Amino acid sequence: MKLTISRESLITPLQSIAGVVEKKQTMPVLSNVLLEAEDNTLTLTGTNMEVELVGRVTPVHVDQPGRITVPARKLSDICRALGDEAPIDLALEGDRLHVRAGNSHFTLSTLPAEHFPNVEDEPESFRLELPQKELGRMLDATAFAMAQQDVRYYLNGLLLEVDDSHVRVVATDGHRLAMAHCDMQTGCPEARQVIVPRKGVLELARLLDDVESPVTLVIGDNHLRATVGAYTFTSKLIEGKFPDYNRVIPRGGDKLILADRATLKNTLQRAGILSHENIRGVRLNLSPGQLQVFANNPDQEQAEDALPVDYQGESLQIGFNVGYLIDVMNALDDAQVKLTLSNPNSSALIEAENDNSCLYVVMPMRL
């Protein structure tokens with residue numbers, strides 16, 4: 001294999017793919033990136049067996065086609081450290097890849113391309129196209145609520161649900177729930193639900209830009225495949241049954257509060273400084289026209305703050321994990337936030353005042 005490529009063309013896909021490749025691997029080849037050169041195209045592939053990312057660079061001056069795997073991080077670090085001026089020559093000589101640019105020369109170890117695992121192809125069962133910015137908005141609005149290393153493995157990911165007129169994503173860790181949807185005619189004959197693992201969600205979100213150009217999603221029985229520009233991303237799906245999120249959404253709350261989102265967020269952050277380090281609990285005291293926030297910790301330290309709100313109902317005391325509330329404030333875009341409560345033991349329903357495309361549920365705490 002022998003080719004010449006500009007640093008600018010190589011570094012962007014290489015850094016994206018190095019993000020998929022994890023440093024500590026049980027199989028050495030999984031720390032490598034697969035390089036395939038042919039027909040004036042260089043294809044780069046990285047995988048951790050759960051997700052796979054393929055990037056294509058063209059046009060590339062290919063003198064000799066070939067395939068080889070090299071350490072992803074090292075090649076990425078070399079490209080980052082090189083200047084923009086000189087093109088990069090990659091040449092496979094024996095079992096070493098020589099990287100030359102200007103006066104710089106690096107020799108990297110390799111492993112045969114045959115050792116590199118392939119994500120198996122499977123028949124697609126449904127194909128969907130939607131704007132990158134729309135999918136990116138939904139992932140940004142919900143991904144923070146995914147569980148991390150929960151024994152209920154189906155919570156360590158994001159539910160993607162498609163029916164004939166909606167695309168919906170839902171994440172929950174058992175203490176809070178985030179849901180976002182967009183209305184679109186999908187042509188999906190019956191509702192489909194798949195669970196995309198946490199790593200897959202985070203890597204897919206990194207690929208998306210705030211543009212109208214489409215991302216193509218192909219949903220199979222075991223994999224989700226997304227094509228974004230010159231990249232093809234594949235993620236295994238989590239087998240399991242996602243909880244019925246409709247049962248979690250509180251209905252019939254009679255206490256409706258409107259507040260300035262930024263002011264509420266700042267108030268929560270200030271009070272949260274003196275909350276218990278582990279449980280992060282704060283107490284909200286709701287009364288007509290005002291919301292007070294209290295926090296304390298085992299060192300007998302206390303915080304007390306308040307903000308004006310649009311509320312005319314009965315008084316209420318309720319406790320929450322302050323971090324969960326702040327996460328929701330960060331996920332919303334609207335200037336005004338709407339909270340619906342009913343009693344101290346019921347979850348809070350949180351939405352933007354003028355946008356019903358996202359909703360959040362946060363369970364209360366006993367303090």
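Quick look at the numbers
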item	result
Filtered residues of the stretch 241-258 (kept if open to solvent by less than 80 Å² (accessible area, probe 1.4 Å) and in contact with a Lys or Arg (Cβ under 8 Å, 6 or more places away or on another chain))	ILE257, LEU258
Residue check, ALA86 assigned to a strand (DSSP E or B) and open to solvent by less than 90 Å² (accessible area, probe 1.4 Å)	no
The stretch 20-45, subset touching a helix residue (DSSP H, G or I) at 6+ places or on another chain (Cβ under 7 Å) and more than 17 Å from SER9 (Cβ to Cβ), residue surrounded by the most Cβ atoms within 10 Å (Cβ to Cβ)	ASN32
Residue, most open to solvent (accessible area, probe 1.4 Å), within the stretch 111-165, restricted to residues that are basic (Lys, Arg) and closer than 17 Å to LEU204 by Cβ	ARG127
From the options ARG67, ARG56, ARG7, residue that is charged (D, E, K, R) and farther than 22 Å from ASN118 by Cβ	ARG7
Restricting the stretch 70-83 to residues that are within 18 Å of PHE116 (Cα to Cα) and open to solvent by 90 Å² or more (accessible area, probe 1.4 Å), the residue that is nearest to the chain's Cα centre (by Cα)	ARG73
Residues of the stretch 290-326 satisfying the condition of being of a type in the set (S, T, N, Q) and part of a strand (DSSP E or B)	GLN290, GLN292, ASN296, GLN302, GLN317, ASN321
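Residues checked against (1) in contact with a helix residue (DSSP H, G or I) (Cβ under 9 Å, 6 or more places away or on another chain); (2) free of Cβ contacts under 8 Å to residues at least 24 places away in the same chain:
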{"site": "ARG247", "(1), (2)": "no, yes"}
{"site": "LYS255", "(1), (2)": "no, no"}
{"site": "GLN269", "(1), (2)": "yes, no"}
{"site": "GLY289", "(1), (2)": "no, yes"}
{"site": "ASP327", "(1), (2)": "yes, no"}
{"site": "LYS338", "(1), (2)": "no, no"}
{"site": "ASN345", "(1), (2)": "no, yes"}
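The values are calculated or read from the model by the stated rules, or taken from the named source; none is laboratory data. The model shown is predicted, which means the values in this text are computed figures rather than measured ones. So basically every Cβ, Gly included, is an ideal-geometry build from the backbone, and we count neighbours across all protein chains shown. The protein model used for the area step is the full one, side chains on, heavy atoms only, and it has no ligands, DNA or RNA in it. Shrake-Rupley method; radii C 1.70, N 1.55, O 1.52, S 1.80 Å.
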